[in-house]
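The values are calculated or read from the model by the stated rules, or taken from the named source; none is laboratory data. It should be emphasised that the depicted structure is a prediction, and the values quoted were computed from it without experimental measurement. Cβ coordinates were reconstructed from backbone atoms using ideal geometry, including for glycine residues, and neighbour counts include every protein chain displayed.
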Amino acid sequence: MDDFFSYDVVNWGKPFERNQQVKKDPVGNEVLIKITASGLCHSDIHIRKGFFDLGEKGIHTLEQRGAKLPVTIGHEIAGEVIEIGSTVKNLSIGQSVIVFPWIGCGGCLACDEDRESDCTNMNIIGINQNGGFASHVLVQDEKFVFDITGLDPAKVAPYACSGLTVYNALTKLGELRDGEWLAVLGTGGLGLNAISIAKALGYKNIIAIDIDDTKLAAAVEMGADQTLNSKSKTASNDLIALCEGRLFGVIDTFGSQETANLAVSTLTKTGRYVTVGLYGGDFIMPQVWLPQKAMTVRGSHVGNSPQLKILIEMYRDGKLKDIPIEKRPLSEINNAMNDLENGRVTGRIILCP
Ligand SMILES: [Zn+2]
Ligand SMILES: [Zn+2]
């Protein structure tokens, strides 16, 4: 008999605490998964704190979004199916799988169209229901569980959030013409995946931007054609020069006032700024830039289950480069979180129960 446990947020902003859990038997379409790999995502920093920074409008708390304490967070989950409900058809015991965590309400137009990330009443695994920093996870329907047989769960797990989020953002950005550039702002887990996926989708001129040279070196490994350390006072001009004035697209994985300003002040006419980062604060830009530069400023939130399926197929076909990962025992989650918060992580920490 397996031991069932989790590392939970018991008080917002405080270290994770280990809790013993009682096994829940899967019924209907439910799937019980023994977790083997659980990615530690930058947004877990905000989720553990319990709020997002809305700048002048204050904060938006996780409780306002339906989270209740204690909660097991963690949303990049891979593992092995150990039990299935009686109506599960397409999964079998022992199968290696990844979990799609961005579950919608199931009853709106977005959910009907498998655009779960556009649902306004999401039931996210790792926020609204218990997630991956645990020995096991119970998933409500087999349609949110995808086969990864033969793949390394630790390498695949980050596609559930960091890979999927930037893939969704890239589909919103659209194609670039010859000579046009794509900038990826922030080269943490999301940014590195953005470069790898953009390369696989055929983007040719990619510039990686960060304030950390170690992370920029990792970005070059992932296929970035140019890098820029944005700590420099001349970052805007340098970026325009490096792209020869043809910066058409920016994917912002950081999402602060500074990164937004850098994006909208450097994009070429008709350029597109797609932001997925949740650093927070206010975003202020000259109104006339929108019409005069014919600019698109757009947000993108996580991704959809059909997109995760496509990403796993791309990975299986060898089209995606692995981002650097570092496996650590789940019991070291608090140290891992400290390292992530202090910028000491290149790529992804994968916690293994
Ligand atoms: Zn995430
Ligand atoms: Zn919905």
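Residues considered: N205, N123. Of these, the only one that is crowded, with 19+ Cβ neighbours inside 10 Å and touching a strand residue (DSSP E or B) at 6+ places or on another chain (Cβ under 8 Å) is N205. Please tell me if A169 is in the same structural domain as K293 (by TED's automatic domain parsing), surrounded by fewer than 23 Cβ atoms within 10 Å (Cβ to Cβ) and within 19 Å of G271 (Cβ to Cβ). Spelling it out, it is not the case that A169 is in the same structural domain as K293 (by TED's automatic domain parsing), surrounded by fewer than 23 Cβ atoms within 10 Å (Cβ to Cβ) and within 19 Å of G271 (Cβ to Cβ).
Within region 61-78, being modelled with pLDDT of 95 or more and at positive phi holds for one residue alone: G74.
Only a single item in (1) within 16 Å of ligand 1 (Cβ to nearest atom); (2) at pLDDT 95 or above is not met by G58, and it is number (1). Against the test of being more than 16 Å from ligand 1 (Cβ to nearest atom) and at positive phi, the options G107, G126, G150 yield a single qualifying residue, G150.
Based on what the data block shows, is I77 within 16 Å of ligand 1 (Cβ to nearest atom), touching a residue at least 40 places away in the same chain (Cβ under 8 Å) and of a type in the set (V, I, T)? Yes: the conditions hold for I77.
Is it the case that region 80-97 has a residue that's under 20 Å from A336 (Cβ atoms), in contact (Cβ under 8 Å) with a residue 12 or more places away in the chain and crowded, with 17+ Cβ neighbours inside 10 Å? No - not one qualifying residue is present in region 80-97. Within this structure, C105 fails the test of being out of contact with any strand residue (DSSP E or B) (no Cβ under 7 Å at 6 or more places or on another chain), within 16 Å of ligand 2 (Cβ to nearest atom), assigned to a helix (DSSP H, G or I) and without any contact (Cβ under 8 Å) to a residue 24 or more places away in the chain.
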